[in-house]
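The values are calculated or read from the model by the stated rules, or taken from the named source; none is laboratory data. From a predicted model like this one, the values you see are computed outputs, not experimental measurements. Because the Cβ atoms are built from the backbone with ideal geometry, glycine has one as well, and the counts that use them run over all protein chains shown. All accessible areas refer to the heavy atoms of the entire protein, side chains included, with ligands and DNA or RNA removed. Shrake-Rupley method; radii C 1.70, N 1.55, O 1.52, S 1.80 Å.
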Amino acid sequence: MAADPSGFVYFFTVVMFLLGGGEGDLLDYVSTEGYWQAKSVQVSPAAMLKELGPPGAAPDFKRQIDNLGSDFDKVRQMSAAQIAAAGAAALEQLEVAAQSSNAVQAAEARRLIEQIKAAGQAGPVRKLMAIRTLGEMRHRVALPALNELAGSATPFVGAYARRAIAAMDGAAPKPDEQLAAKLESDLAVLPASSGMVAQYRPGALRHLSLKELAKYGGRRLPQDPEVRRQKIELKLIDIAERVGNARLDGITLSLSDDLANRSGHVVIIGRGQFDMELVRAFARAGRLTESRVGNLDVFRSNGQEGAVIVPSNQCMVFVAGIDRPNAAPIDELIAAVQAGKGKIGENKEMAAMIQAADKSGPIWGVTKVSEGYRGLFPGGVLTGVESGVLSSTVKDGKVQLALRAKAKDADSAKAAMAAFGALWQQFLAEGQREAAREPGLTPLIDALRGITYKADGDSLHADAQTADLMPGRFMLPIFLIEIAHELGLRD
């Protein structure tokens, strides 16, 4: 498989936006107004209903294809635009033209084939945006068509139709009542070597809009917030048309108990819905080898450092070793996913901590602190610390995070907290210096300053009350600043 580095950009951009929160998907960041403006479509109920209709017979593009070999630039460009607008319907005729003895015509045909195939999800994305637009317009003339689509098994179509119908009635979409059971099943396949386990449900938070995201500026991004928003929106449309829409309902993380600078492994399980082209874009970028193992699609690195295991378009399992071949328990994870049960139950202490954890909030985690973990943090921060529990609650749109750690005695807790305090202040000072260079990071540094911490007997407490410290909301602005060039977001 040939390497395609852009696949990493697409994949991690999708992941970062989905971590941002809200019971939505990638396309929910795109406004219907912005989408149809980008497509030069005048919005009306009739126009949107037409977008839902089945495609007719493929038109004859003989005249336009003949014009691809024209000596006149404008004729070629106009014909190419008409063919590109037709999308996949023109592919068969383009394949013939690509073999033409007319070198100009053949080159143009090959370029259009690549363009249409690269935007292979443009049609499905367009249909989803039309469904959503009809729901926002609340024209009940669309109800028969939406009711027909509500039972569709096509990814996202049925859910979008049901949400549009609910919007017409002024009702909220129904949550997935099976999500808690699905996330429990993801915990069940984890390996016995897990030393830290956490889960995050983005849907428990309010959706972060592009307008809100655009407030995080930076010298690498356009200075005008509205220009930032528009550029990000257009890029998300482009990515969705390449790798499809995606939704993240929950993510499960496991770090092995032997994790250290050059050892251990990580397991990440994503639960939601996605198109396989998203996985294949990542696989192409990493030169992963695709195979079929039973009912699973498996993408392995050549050195066996890691793999992506895909049982369906609603679940993705990522496992990677740290810095050395064969460190990842790939075959163990494949067997566990196939059986629906791993070996986590053999780790009695971790299994008990997972069972006792409060999983009601958007994020929770438990850890049994190993020597490897202690070595990862400088200054003796985890010296004498034995375990930790993270919980969260949401009230009035605010997230309350509470971390409670247990040390072997009061003196150890006091020493660990002093070491943490010194390290934390250094981190904030460095963050403040970085914010001076990238002013858009200032709100994040302010959120970090709101964390309080103390030692209480043999316990250590850390608390925060802000949604800005949740995984996606904290990392997404930093990600956009760091990858602004690759995403084409610079002025």
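Labels on offer are (i) 74; (ii) 44; (iii) 37, and the one holding percent of Cα pairs over 34 Å apart computed from this structure is (ii). In terms of packing, defined here as the mean over residues of other Cβ atoms within 10 angstrom, the peptides 158-169, 93-104 line up highest first as 158-169, 93-104. The ratio of the alpha-carbon radius of gyration of segment 51-191 to the globular-protein estimate 2.2 N^0.38 Å is 1.49. Computed packing ranks the peptides 332-341, 287-296, 29-38, 238-247 as 238-247, 29-38, 332-341, 287-296, most packed first, by mean other Cβ atoms within 10 Å. Across all C-alpha atoms in segment 240-311, the radius of gyration and Dmax reach 13.7, 41 Å. Roughly how many percent of the accessible protein surface of segment 84-192 is carbon and sulfur, given a 1.4 Å probe and a whole-percent answer? That share works out to 55 percent. Counting only protein heavy atoms and a 1.4 Å probe, the chain has 48 square angstrom of accessible area per residue. Rolling a 1.4 angstrom probe over segment 351-448 with all protein chains present gives an accessible area of which 60% lies on carbon and sulfur atoms.
Overall size of segment 138-216 from C-alpha positions, given as principal axis extents largest first: 57, 37, 20 Å. For GLY244, the shell of other residues with beta-carbons less than 11 Å away shows a net charge of -1, using +1 for Lys and Arg and -1 for Asp and Glu. Between ALA171 and ASP71, the distance separating the two model label sites (each 7 Å from Cα on the Cα→Cβ line) works out to 6.6 nm.
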